[in-house]
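What follows is a single structure, written as structure tokens, with notes after it.
Only the coordinates and a few stated rules stand behind these numbers; no lab work does. Every value quoted in this text rests on a predicted model; they were computed, and no experiment measured them. Every residue, glycine among them, receives a Cβ derived from its backbone with ideal geometry; neighbour counts consider all protein chains shown.
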């Protein structure tokens, strides 16, 4: 894989700069779910006037303009670690992880990166779904900056994606000492407990996160969705319904919330409501084969045979298309 060679190159550059890795790569099982790349990592700071202009463009989310300015700067200052790290950050924000890693690798030959640079490198690997290397660099970033709650949170999410659930719980518990009453840390810890099959502990964390969410001005649907899914999986759609309704109300454009609400209504034998919610999920995510299959099942229960047949056919076509894409492009760059 091309990003594996990028990992080795970055590690070699780090060693050349006299930086030893404190985290060894470990083989891990396939992740249960991908980590979403985060957008709130800090851009590198700069006292240089030209690079400061790049930062101003980044603040305006003009990444194309920032990239052009950074390239122009590096054309005249090719050995500027600061310039390469800044361009690496810009490329990360443009969802170009391989190009970003190349800039961080080049910059590391000239100057030691800081903890935030390592965190961005880790997020590049998250985008590439290489969680072992993401873990490596986040572990190093947290060792360099142990009080940074974001690095801690990202490390917990990465351990979860590696299916290292017990380790993820330990990291999230440490996060809560840095970010007391942080809602997303609490429900992510619940996900890790669920990964271990400790469903009572998972439900307790989801309910704690909901209690904290209700005391804030925000509207975070995730703990409601997580608890609703857990209750549904445990065969209790009646109890799942209010939480899933709240999740869908908070985020009506979330296809997963609408799908799970549709499944709940189906289990409660209210096929009209199941139809409405699953149809909404399909409209929001029309290229997900499983949603068309579920829609077809609901149509069957409503006695709508022609519609069911059409949905099953659409499901089969999407599955076939995805299989062909996988054969033609064995290592696609994932989106976030």
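What FRET efficiency would be calculated for the residue pair residue 109, residue 56, taking the C-beta separation as r and a Förster radius of 22 Å, to the nearest 0.05?
The value I calculate is 0.20.
Here residue 287 and residue 199 are evaluated by their C-beta separation; at R0 = 30 Å the FRET efficiency comes out at 0.40.
Both numbers refer to the Cα atoms of the range 218-330; Rg and Dmax are 14.9, 45 Å. Across all C-alpha atoms in the range 115-168, the radius of gyration and Dmax reach 9.8, 27 Å. Only Cα pairs under 8 Å and 6+ residues apart enter the sum, and on that basis the relative contact order of the range 57-202 stands at 13 percent. Note on residue 98 and residue 268: their simple-model spin labels are 4.8 nm apart, each label 7 Å out from Cα toward Cβ. Computing FRET efficiency as 1/(1 + (r/R0)^6) for residue 316 and residue 234, where r is the C-beta to C-beta distance and R0 is 22 Å, gives about 0.10. Volume per residue for the range 146-219 equals 79 cubic angstrom (convex hull of Cα atoms).
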